[in-house]
1. Can you tell me, using C-alpha contacts under 8 Å and at least 6 residues apart, the relative contact order of chain B as a whole percent?
2. For chain B, what are the DSSP H helices with axial Cα length of 27 Å or more and mean Kyte-Doolittle hydropathy of at least -1.0?
3. Which angle between 0 and 90 degrees, to the nearest 10, do you get for helix A:193-216 versus the longest principal axis of chain A when only C-alpha atoms count?
4. Using only the alpha carbons of the stretch A:107-193, determine the length spanned along each of the three principal axes and report them from longest to shortest in whole angstroms.
5. At a threshold of 8 angstrom on Cα-Cα distance, excluding pairs fewer than six apart, so keeping six or more, what relative contact order does the stretch A:2-97 reach in percent?
6. Students often get this wrong: which residues of the stretch A:173-217 have the backbone nitrogen under 15 Å from the point 7 angstrom along Cα-to-C-beta of A:Ala135?
7. If you check each cysteine of the protein assembly as shown for another cysteine whose beta-carbon is under 4.7 Å away, which ones come up empty?
8. Size of the dipole of the stretch A:2-97 about the Cα centre, Lys and Arg at +1 and Asp and Glu at -1 on the beta carbon, nothing else charged, in debye to 20?
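Bear in mind these aren't lab numbers, they're just calculated from the coordinates by the rules spelled out. Please read these numbers as outputs of a predicted model, since none were measured by experiment. Here the Cβ is made from the backbone with ideal geometry for all residues, glycine too, and neighbour counts use every protein chain on show.
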Amino acid sequence: MQEDAGTAAGAADEEAEVLARVRAGDERALASLVESYHPAMLGVARTYVKSRDVAEEVVQEAWLGVLKGLDRFERRSSLKTWILRILVNTAKTRGGREARSVPFSSLAPADEHEPAVDPERFRPPAGAFASHWSAYPSDWGAQPEEGLLGRETVDVVKRAVEALPASQRAVIAMRDIAGCTAQEVCDVVDVSAGNQRVLLHRARSTVRAALERHLDG
Amino acid sequence: MAESTDHVTCQEVVELVTEYFDGALTADEAEVFEQHLNFCEGCEWYVDQMRTTVSTVGHIPEEKVPPEMRDRLMAAFRDWRQS
């Protein structure tokens, strides 16, 4: 959402504190860092290597790299960006050996148009109410809260995210699970601002459609 | 963005939601986008659905760190601390 600027200062303070604790040898601080970055790291690693097992090895290797570099880290980037960059470098090295990598920069999402919503749901582009909904999407605000955040619904969303193409999955994991900013994603995976947004938009649109099938039946 | 700057269709709105959330639309574009929502309940609900989608993705239970990885990292951390 449009809250990046407002929360950035608070996030920086929090980060400085966690960093100081880890540097002082606080195991719990490191453990919580490892827990909180795990989904994003795994998501990113899986765009570069074939299997989940190898991705987990990459994440572990990246953390060892983080520990090695901790004393030299000068906070020229955010801690999160720095850690995720180490991960990407580790994954690329490994991905080269694994002979699979999905280079973000070679994606040209603008070339093929994938609509966010099935064009069938809109009126024809000419005539009265051109390109307007032929039937409105439903009002999820009228859904009971427990339906939206219930385990079954979250499972549907989780499966939809897992089924996304690797590059979309990585971007949505970084943005919506790990809470990275758009800029952080661009810095970490070497993707243009425009492509980052297209990947995120496609990912969210696909997940929304899955959620709609589940909630509206 | 649409060819004309004073009007967007519903089919265009659904493609602009992510840019809108990210504050990546120009002030004029955002204005046109919001004007559309004021008069179109369908798009208002759609944008709300996208917001719900984003927050639900944020509720996916975090993947657990495998215990072996955790143990190994903590051991490495203890070594690092002592070095």
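1. On the way: 29 pairs, mean separation 21.0, N = 83.
About 25 percent, as a whole number.
2. Working: long enough: none.
Correct list, ordered by number: empty.
3. The helix A:193-216 is inclined about 60 degrees to chain A.
4. Extents along the principal axes, in whole Å: 46, 39, 21.
5. Numbers: 51 pairs, mean separation 29.7, N = 96.
Relative contact order here is 31 percent.
6. A:212-217
7. A:Cys180, A:Cys186, B:Cys10
8. Values: 15 positive and 15 negative charges, 126 e Å.
Using Cβ point charges on Lys, Arg, Asp and Glu, the stretch A:2-97 gives about 600 debye.
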